[in-house]
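Read the structure below first, then the notes.
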Amino acid sequence: STGNITLFEEEFSLVSMLEHIQSITEINIKEKGIKYIVDIDKQLQGNVIGDEFRISQILMNIINNATKFTKKGYIKLKVRKRISQSEVCALRFTIVDTGIGMNDKVQNSLFNSFIQSDQSNTREHKGTGLGLSIVQQLVHNQQKVKVVHSL
């Protein structure tokens, strides 16, 4: 568990979860005329064991944040197997966008609670950036997932 958040282990389809996230987030993305790309490692087509809800929550939060700050181009979600030891592996989720970007100073303070990188962005992009500190807390737990081999 992380803080007061308990993580659950359950079997789920990574591909189905990513499709669900895409169906929820692509409405706003398409409205802006941005391309949404999902690139998942072919080895990850089966089921995994982990906290599907928390992983979805983290990814949707970051994708929604990327959508706010991207006016044109694309948002890409890439999933790769990072470390594999017997049946347990770590996955790397990478989200890349063609948004406004940020300098080193902003990056260092971005995950502080109740701080937005640039207050002038609050009105234009309709957000305070509060969700990223919660995302960081969840991610720092670094939960591992178990790959379930289907026959």
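Laid out as a table, the results:
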| item | result |
| --- | --- |
| Residue in region 95-112 that is open to solvent by less than 50 Å² (accessible area, probe 1.4 Å), on the phi < 0 side of the Ramachandran plot, modelled with pLDDT of 80 or more and in contact with a strand residue (DSSP E or B) (Cβ under 7 Å, 6 or more places away or on another chain) present | yes |
| Test: residue in region 27-37 that is part of a loop (DSSP other than H, G, I, E, B) and β-branched (Val, Ile, Thr) | yes |
| Number of the condition not met by TYR74 [criteria: (1) under 22 Å from SER13 (Cα atoms); (2) at pLDDT 90 or above] | (1) |
| Test for ILE58: is it open to solvent by 20 Å² or more (accessible area, probe 1.4 Å), part of a helix (DSSP H, G or I) and either within 16 Å of LYS76 (Cα to Cα) or of a type outside the set (Gly, Ala, Ser) (or both) | yes |
| Selection count, region 26-57, where residues are charged (D, E, K, R), farther than 21 Å from PHE69 by Cβ and without any contact (Cβ under 8 Å) to a residue 40 or more places away in the chain | 1 |
| Top-ranked residue in region 63-75 [being buried (at least 20 other Cβ atoms within 10 Å of the Cβ) and either on the phi > 0 side of the Ramachandran plot or in a helix (DSSP H, G or I) (or both); ranked as nearest to the chain's Cα centre (by Cα)] | ILE63 |
| Boolean, GLY33 is surrounded by fewer than 18 Cβ atoms within 10 Å (Cβ to Cβ), touching a Ser or Thr at 6+ places or on another chain (Cβ under 7 Å) and either closer than 15 Å to GLY99 by Cα or not charged (D, E, K, R) (or both) | no |
| Filter pass, ASP51 being of a type in the set (Asp, Glu) and crowded, with 16+ Cβ neighbours inside 10 Å | yes |
| Of residues in region 6-25 being touching a residue at least 60 places away in the same chain (Cβ under 8 Å) and open to solvent by less than 100 Å² (accessible area, probe 1.4 Å), the one nearest to GLN45 (Cα to Cα) | LEU14 |
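The values are calculated or read from the model by the stated rules, or taken from the named source; none is laboratory data. It should be emphasised that the depicted structure is a prediction, and the values quoted were computed from it without experimental measurement. Heads up, the Cβs are rebuilt from the backbone with ideal geometry, glycines too, and the neighbour counts pull from every protein chain shown. What goes into the accessible areas is simple: the full protein's heavy atoms, side chains included, and nothing from ligands, DNA or RNA. Shrake-Rupley method; radii C 1.70, N 1.55, O 1.52, S 1.80 Å.
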